[in-house]
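Asker: This is the structure, below, for whatever I ask next.
The values are calculated or read from the model by the stated rules, or taken from the named source; none is laboratory data. Only a predicted model underlies this, so the values are computations on that prediction, with no experimental measurement involved. Counting neighbours? That spans all protein chains shown, and the Cβs are built from the backbone with ideal geometry, glycine included.
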Amino acid sequence: MGIFDKIKEKLSHEFIDIIEWLDYTDNTICHRFERYQNEIKNNAKLIVREGQTAVFINEGKLADVFEPGTYTLNTENMPILTTIKGWKYGFNSPFKAEVYFVNTHLFTDEKWGTKNPITLNDERFGLVEIRAFGTYAYRINDAGKFIVDIVGTDNNFTNFEINEHLKSLITTRFTDTIGEANLPIELYAANTTELSETCKEVMQPEFNSIGISLEKFFIENVSMPEDLKKEIFEYSRIDKLDLDKLTRFKTAKAIEAAAANEGGTAGAGMGMGMGFVLAQQMGALMGPQMGGQQQTPLQQQAGMIPPQMPVVIQYFYAANGQQSGPVTIEQLKAFFANRTINKETLIWKQGMASWTSLKDVEELKAFLGGNTPPPLPEK
């Protein structure tokens, strides 16, 4: 072999005949194909496997993009690079270009979560804090845009490098979305599926802007402080219960506890006292059903049955187009004094056929002042 043959052989090894990339990892998103001085032979073979996209960069600018397949590199299948290089009639000499292989398979089970609590304003509980976490899945859907906007000159770009950026994006959009949803605080944890779908729609344009497709997004848990959780549970139970029945139930439980107390005479006395209270309440409830039997003065004097408690009249009033109450006559008087209500305010109590202005309710006329007696009856 002569000296010129050795030179030709050496040069032939410096140029690339086959361009391909085998990914032996699960976390590489983009890999730059390395070769001597970035020189590629005319008619070199490019192999792009399934789940890959090959991107040619010429002098820092995006050129041709190749989907999965096997290509012979020439002017026919490199139109952008041909235009940039000015190959009007083809070329025979090697050319320089950077080749990036982009992994386009689905990256799954990526974690996200709120680093700090999110503050929401609930109509019933005021300012509250919640946290949330879940998973998401994505893939590269525009390899050229992804390399230009994110990868740059990184020769081996992994999903760990992009995850922090994506997590920040997710947290920001998640916070905006749940803030605009304006749901009662207890419904966030009960509607994670609907919230997940809404958040995915909101985030998708942000992902697309850097060449990434958000394929799946899941909210796995929405949590809140334990004291707030207990308050919500208690509020929910009270909202569903009849308060009068709840009071009677608790009274009965107190009597049962007192009867079980082995504290002697004091415990027995307490049990008897609670029994009298319960008997009075039950008598008031059962009286109408048993013909409304009244106590005789003799019974009252003998102390056999205590007299009935005076009935407190409850009033309702209209303010700002809404019904309010019930309140006592003393509370109404205070509202009238501080001008919360006036003589034209509509009032209703049990027994009235319809709402009536305060000035026309007999027992409330005293609010208006004056000691003018009614006119004398005509003779």
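Here is a yes/no grid of residues against (1) at pLDDT 90 or above; (2) on the phi > 0 side of the Ramachandran plot; (3) crowded, with 16+ Cβ neighbours inside 10 Å:
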site	(1), (2), (3)
153	no, no, no
164	no, no, no
176	no, no, no
193	no, no, no
206	yes, no, no
211	yes, yes, yes
224	no, no, yes
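One line per residue, one yes/no per condition, for (1) touching an Asp or Glu at 6+ places or on another chain (Cβ under 6 Å); (2) polar (S, T, N, Q); (3) loosely packed, with under 15 Cβ neighbours inside 10 Å; (4) without any contact (Cβ under 8 Å) to a residue 60 or more places away in the chain:
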| residue | (1), (2), (3), (4) |
| --- | --- |
| 315 | no, no, no, yes |
| 322 | no, yes, yes, yes |
| 329 | no, no, no, yes |
| 339 | no, no, yes, yes |
| 343 | no, no, yes, yes |
| 351 | no, no, yes, yes |
| 355 | no, no, yes, yes |
| 358 | no, no, no, yes |
| 361 | no, no, no, yes |
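Asker: Taking the range 161-178 only, how many residues are touching a residue at least 60 places away in the same chain (Cβ under 8 Å) and within 10 Å of the chain's Cα centre (by Cα)?
Answerer: Going through the range 161-178 one residue at a time, the tally reaches 3.
Asker: Also: Just to check your reading of the model, which residue among 347, 329 is at pLDDT 90 or above and touching a helix residue (DSSP H, G or I) at 6+ places or on another chain (Cβ under 6 Å)?
Answerer: Working: 329 fails: touching a helix residue (DSSP H, G or I) at 6+ places or on another chain (Cβ under 6 Å).
Of 347, 329, the one residue that is at pLDDT 90 or above and touching a helix residue (DSSP H, G or I) at 6+ places or on another chain (Cβ under 6 Å) is 347.
Asker: Another question about this same structure. Pairs needed: first member in the range 76-88, farther than 17 Å from residue 60 by Cα and in the same structural domain as residue 41 (by TED's automatic domain parsing); second member anywhere, at pLDDT below 85 and in a loop (DSSP other than H, G, I, E, B); C-beta distance under 6 Å; at least 6 residues apart or different chains.
Answerer: 87/75
Asker: Considering the range 328-357 alone, what residues qualify as being among the basic types (Lys, Arg) and more than 11 Å from residue 317 (Cα to Cα)?
Answerer: 333, 339, 343
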